[in-house]
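Written below as structure tokens is the structure these notes are about.
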Amino acid sequence: MFGERLRLARKKAGLSLRDLSARLEGANRVSAQALGKYERGEMMPSSSVLLALMKALGEPLRFFMSPMGTALVDVDFRKKAGTSVRDRARITAAVLDHVERYLVVEEILGLESANWDVPFEPVNLSSVDEGEGLVDRVRKSWMLGGDPIPDMTELLEKNGVKVFAIDLPGSVSGLTCLVERSLNRPPVPVIVVNATHNIERRRMTLAHELAHRLIDPESPADEEKAAMRFAGAFLMPAAHLEGEVGRRRCSLGYLELMELKHIYRVGAAAALVRFEQIGIINHSTMVRIFQTIGSGWRKNEPLPIEDATAERASRFGRLCFRALSERLISPAKAIDLLGVTADEIQQELKGPKSGANHRQ
């Protein structure tokens, strides 16, 4: 465990073994050869060298000596354009740290939500269109009915999928992976989304990455296209959409399109593609709209969602404050889990001062 975490922290920092050796000073200077032995699990550092490594790499003790025994698996960064070795190490370290802190507080509270509510085992698809057929099965399993999903992040976290937003290369919308745990406990699914993308795009990414957990990667169908079909259908159910828009339309106006994109909380371009997909408009109508009022929609979102609280992964914070309020953890532990200051903890517990607004 320690060796794997040391290697990950070093790669995250963009350092070679020689570079890391040079960062260690004085009596705690360790050769590159010795560092290599630490990473291979052939040696363990002394307490003073461990502290020096923590300082040199900027990682807390819990990262190197985690009692959770977690490891990131089932993620193929090679399919994600623009991810360097350092990017991959940064993402992996951030996900592991976040999930470990999350699992700690869930165990303290005795919650079963650490186990994700699998709607069904991965399905082998023979065609892209079958991706839409998975939507009803998920909605039935999770008792969602046929209405639009107001908050994808909350829905996924409620059902055991950990959601984490991090700055990713612009070409990467997100990814899904599993975090393995010790003691034969079931793995934890994680979806990572690009924090720099707008809310509409992040919602589509969350639905898209959920599909990757439900589609058998050995399927003959194009998995990426099937996942996109699932995502559009999950956020914009055909029956609900037809009830709002009508079964057949010759045209759609700008104001109506803007209202519809806010009802379903999706991008305008994605909504237009979905209308054509289920036959509300034909292909030529879709093309005409993209060439006129929607000419820039694929690059710049019209009337974007600006709700500061939308799709924010807030469940972890709520659980930490619940544990703190119930005196199951100390203020010092809460500070460590949340990564905030003591003043911020007190403000969250006591609320804003008279005349002040709560955090925006």
| task | For the range 24-55, name all the residues that are of a type in the set (D, E, K, R) and exposed (fewer than 15 other Cβ atoms within 10 Å of the Cβ). | result | 25, 29, 40, 42, 55
| request: Kindly provide the set of residues from the range 163-202 that are within 13 Å of the chain's Cα centre (by Cα) and of a type in the set (Lys, Arg), ordered by number. | output: 201, 202
| Which residue out of 259, 223, 218 is closer than 13 Å to residue 131 by Cα and over 18 Å from the mean Cα position of the chain (by Cα)? | 223
| In the set 176, 153, which member is within 21 Å of residue 309 (Cα to Cα) and of a type in the set (Val, Ile, Thr)? | 153
| field | Residue in the range 1-26 that is farthest from residue 41 (Cα to Cα), counting only those that are in a loop (DSSP other than H, G, I, E, B) and in contact with a helix residue (DSSP H, G or I) (Cβ under 8 Å, 6 or more places away or on another chain) | value | 25
| request: Kindly indicate whether any position in the range 75-85 is in a helix (DSSP H, G or I), modelled with pLDDT under 95 and either surrounded by 13 or more Cβ atoms within 10 Å (Cβ to Cβ) or touching a Leu at 6+ places or on another chain (Cβ under 8 Å) (or both). | output: yes
| Given (1) buried (at least 18 other Cβ atoms within 10 Å of the Cβ); (2) at pLDDT 95 or above; (3) not aliphatic (A, V, I, L, M), index of the condition residue 164 fails | (2)
| Test for residue 203: is it within 22 Å of residue 306 (Cα to Cα) and either out of contact with any Cys (no Cβ under 7 Å at 6 or more places or on another chain) or hydroxyl-bearing (Ser, Thr, Tyr) (or both) | yes
| task | Report, ordered by the first and then the second residue, all pairs with beta carbons closer than 8 Å, sequence separation of six or more or different chains, a first member in the range 294-311 that is part of a loop (DSSP other than H, G, I, E, B), and a second member that is surrounded by fewer than 17 Cβ atoms within 10 Å (Cβ to Cβ) and among the aliphatic types (A, V, I, L, M). | result | 302/258; 303/258
| said: For the range 132-162, give me each residue that is within 16 Å of the chain's Cα centre (by Cα) and among the hydroxyl-bearing types (Ser, Thr, Tyr). | reply: 153
| note | Pairing a residue in the range 7-28 that is touching a residue at least 24 places away in the same chain (Cβ under 8 Å) with any residue that is in a loop (DSSP other than H, G, I, E, B), where Cβ atoms lie under 7 Å and the two sit 6 or more apart in sequence or on different chains, gives 9/59; 24/30
| query | residue 92 versus (1) over 28 Å from residue 177 (Cβ atoms); (2) assigned by TED's automatic domain parsing to the domain that holds residue 223: which is the lone unmet condition? | reply | (1)
| field | Selection count where residues are crowded, with 17+ Cβ neighbours inside 10 Å and either touching a Cys at 6+ places or on another chain (Cβ under 9 Å) or free of Cβ contacts under 8 Å to residues at least 60 places away in the same chain (or both), scope the range 168-195 | value | 8
| task | From (1) more than 30 Å from residue 84 (Cβ to Cβ); (2) modelled with pLDDT under 95, pick out the condition that doesn't hold for residue 135. | result | (2)
| task | Please work out which one of (1) in a helix (DSSP H, G or I); (2) out of contact with any Ser or Thr (no Cβ under 9 Å at 6 or more places or on another chain); (3) crowded, with 19+ Cβ neighbours inside 10 Å; (4) of a type in the set (A, V, I, L, M) is the condition residue 266 fails and give its number. | result | (1)
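The values are calculated or read from the model by the stated rules, or taken from the named source; none is laboratory data. Computed from a prediction, not measured in an experiment: that's the story for all the values here. Positions of Cβ are generated from backbone atoms using ideal geometry, with glycine treated the same way; all protein chains shown enter the neighbour counts.
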